[in-house]
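Okay, structure first, notes after.
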Amino acid sequence: WYWQKEKREPYVKFMEANYPPGFSYEDFGPLFTAEFFDPNQWADILKASGAKYVVLTSKHHEGFTLWGSKYSWNWNAVDVGPKRDLVAELATSVRSRTDLHFGLYHSLFEWFNPLFLEDATNAFKTRKFPTSKSLPELYEIVTKYQPEIIWSDGNGNAPDTYWNSTGFLAWLYNDSPVRDTVVTNDRWGVGSICTHGGFYTCSDRYNPGHLLPHKWENCMTIDKRSWGYRRNAQLDDYLTTEDLVKQLVETVSCGGNLLMNIGPTHDGRIAVVFEERLRQMGAWLQVNGEAIYGTKPWRAQNDTVTPEVWYTFSPKEGRVNAIFLNWPVSGTLKLGEPQAKLGETQVKLIGYKELLKWVALGEKGMAIALPQLTPKQLPCQWGWTLQLTNIN
């Protein structure tokens, strides 16, 4: 897009300097080799990350499908490049080795598809592209791979009526093989984002910082600047584990899910820096998962007295979780939101055996004495959870 359509100078110059004259985008097809792609290893890393679902980009805006689509002849991973059905392989590994829900991202439009461009020229009064390419692909991936999430994207500035989104969704929820398990997002045509859909995504890297009335997802990237793999990325371009834990906690407190994107390489690897981030998230969730999984938003999302404290609520246990991202130097954590009850309220630090001492601060709020721990004794390195029981 930057090179061919917008003709941005750095991209054009890079291609001229590093590829033979007349090299086209299609010439990248055979260079996408995936020789190191090991779906079992991917599944093991995904499981170790503590994630509950995974969404694979089955086709992006340039139209190359990662499965051998009948509707993308000679522009798919079975005919060109890897010569493998990457969707099938990952689906099989995820399902046999993990309990993650398997989802597929699919782009409705394609930047350079002549049929799409023709329809666009006709102000979408004609519908050649959705009827011959986009919709048949959607039916194909649902029937073939039975994904439990359909993550639609790329409306191409066309309305949902052009895409026949309601027709497809009616089939998906009533007649498809995944009708009882499938979940969808909100990107089904102009005007549907953040308004219609199973869960809202609203925009990329969306993190409102306050409670939304509808289930939503913060879809963001570990590489701050890209959704793909960048060979020239610097260490500073990647969010640290501390940054990622903060994103997760803020998102879940406000009723959202976190979809954390990594860009794999052309030869099929999850770069080691991404693997490390994923495994560290998993390590954090091994300790603090009770404050994340199966929780609901509490009446307050963050604290009014101490910044960087976020709340979740565990309905089964009737417990309030206060996740604090900075360990106070004084050793005392002041919370402005919880109303404690003398002789009843109990405070526990996840990963530490003893109950903690606390005092009430007026009608609302409490001061909690944190244990004096050496770095080795800390339950985890980035963000800690207090479990509060019998709180008003």
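The values are calculated or read from the model by the stated rules, or taken from the named source; none is laboratory data. Just so it is clear, the model here is predicted, and its values are computed rather than measured. Ideal geometry is used to build each Cβ from the backbone, glycine not excepted, and the neighbour counts take in all protein chains shown. The protein model used for the area step is the full one, side chains on, heavy atoms only, and it has no ligands, DNA or RNA in it. Shrake-Rupley method; radii C 1.70, N 1.55, O 1.52, S 1.80 Å.
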Legend entry - Of the trypsin sites (Lys or Arg not before Pro) in the stretch 289-392, those whose Cβ has at most 15 other Cβ within 10 Å and which sit in DSSP loop: Arg299, Lys316, Lys341, Lys353, Lys357, Lys364, Lys376
Legend entry - Calculated on alpha-carbon atoms, Rg and Dmax of the stretch 138-208 in Å: 12.1, 36
Inset, instruction - Under 30 Å Cα to Cα from Lys70, which lysines show up? Leave out anything in the same chain fewer than 8 places away. - result: Lys5, Lys59, Lys83, Lys125, Lys128, Lys133, Lys144
Legend entry - Built amide H within the under 5 Å cut-off of Tyr105, gap 5+: Leu56, Thr57, Ser58, Trp151
Inset, instruction - Enumerate the amide H contacts of Trp216 below 5 Å, restricted to partners 5 or more residues apart or on another chain; note that Pro and chain-start residues carry no placed amide H. - result: Tyr200, Asn257
Legend entry - Rg to Rh, two decimals, where the stretch 268-337 supplies the alpha carbon set and Rh follows Kirkwood: 1.09
Legend entry - the chain shape via C-alpha gyration tensor axes, a/c threshold 1.5: prolate
Legend entry - Relative contact order of the stretch 164-271, defined on C-alpha pairs under 8 angstrom at six or more residues apart (%): 21
Legend entry - Accessible surface of the stretch 275-392, 1.4 Å probe, proportion on carbon and sulfur as whole %: 50
Inset, instruction - Could you tell me which of Thr241, Leu172, Pro20 has its Cα farthest along the dipole of the chain towards the positive end, charges placed at Cβ (Lys, Arg +1; Asp, Glu -1), taken about the Cα centre? - result: Thr241
Legend entry - Overall form of the stretch 310-370 per C-alpha gyration tensor (a/c, 1.5; a/b vs b/c): rounded
Inset, instruction - Using a Gaussian network model of the chain whose springs link C-alpha atoms within less than 10 Å, name the residue from Gly318, Gly263, Gly29 with the highest mean-square fluctuation. - result: Gly318
Legend entry - HN-Hα J in Hz across the stretch 2-18 - Karplus 6.51, -1.76, 1.60, θ = phi - 60°, x for Gly and Pro: 5, 7, 8, 9, 7, 6, 5, 4, x, 6, 4, 5, 4, 5, 5, 6, 10
Legend entry - Centroid-to-centroid separation of the stretch 159-230 and the stretch 81-98 [C-alpha atoms, Å]: 23
Inset, instruction - At 1.4 Å probe size, with every protein chain present, just tell me what the per residue accessible area of the stretch 50-190 comes to in Å². - result: 41
Inset, instruction - Could you do me a favour and compute the accessible area per residue for the stretch 197-345, 1.4 Å probe, result in Å²? - result: 46
Inset, instruction - Would you mind counting up the charge near Tyr311? Only other residues with Cβ under 10 Å from its Cβ, with Lys and Arg at +1 and Asp and Glu at -1. - result: -1
Legend entry - Lysine pairs in the stretch 285-392 with Cα atoms under 14 Å, if 8 or more residues apart or on separate chains: 6
Legend entry - 3J(HN,Hα) from dihedral phi, the stretch 371-384, Karplus parametrisation 6.51/-1.76/1.60, rounded to Hz, x for glycine, proline: x, 8, 10, 6, x, 5, 7, 4, x, 7, 9, 10, x, 10
Legend entry - Heavy-atom accessible surface of the stretch 210-272: percent carbon and sulfur, 1.4 Å: 51
Inset, instruction - Take each of the peptides 10-22, 280-292, average the number of other beta-carbon atoms within 10 Å over its residues, and list them starting from the highest. - result: 280-292, 10-22
Legend entry - Selected from Glu354, Glu276, Glu337 as most flexible by GNM, with the chain as the system and alpha-carbon contacts under 10 Å: Glu354
Inset, instruction - Can you tell me the dipole magnitude for the stretch 315-392 around its Cα centre, using point charges on the Cβ only (Lys, Arg +1; Asp, Glu -1), in Debye to the nearest 20? - result: 140
Inset, instruction - Report relative contact order for the chain in percent, whole number only (criteria: Cα-Cα under 8 Å, sequence separation at least 6). - result: 12
Inset, instruction - Note down the nm distance, to one decimal, between modelled labels 7 Å out along Cα→Cβ at Thr143 and at Asp175. - result: 1.1
Inset, instruction - Might you report the magnitude of the Cβ-based charge dipole of the chain about its Cα centre, with Lys and Arg at +1 and Asp and Glu at -1, to the nearest 20 debye? - result: 720
Inset, instruction - Return a whole-number percent for the relative contact order of the stretch 69-142, with Cα pairs under 8 Å and 6 or more residues apart as the contact set. - result: 27
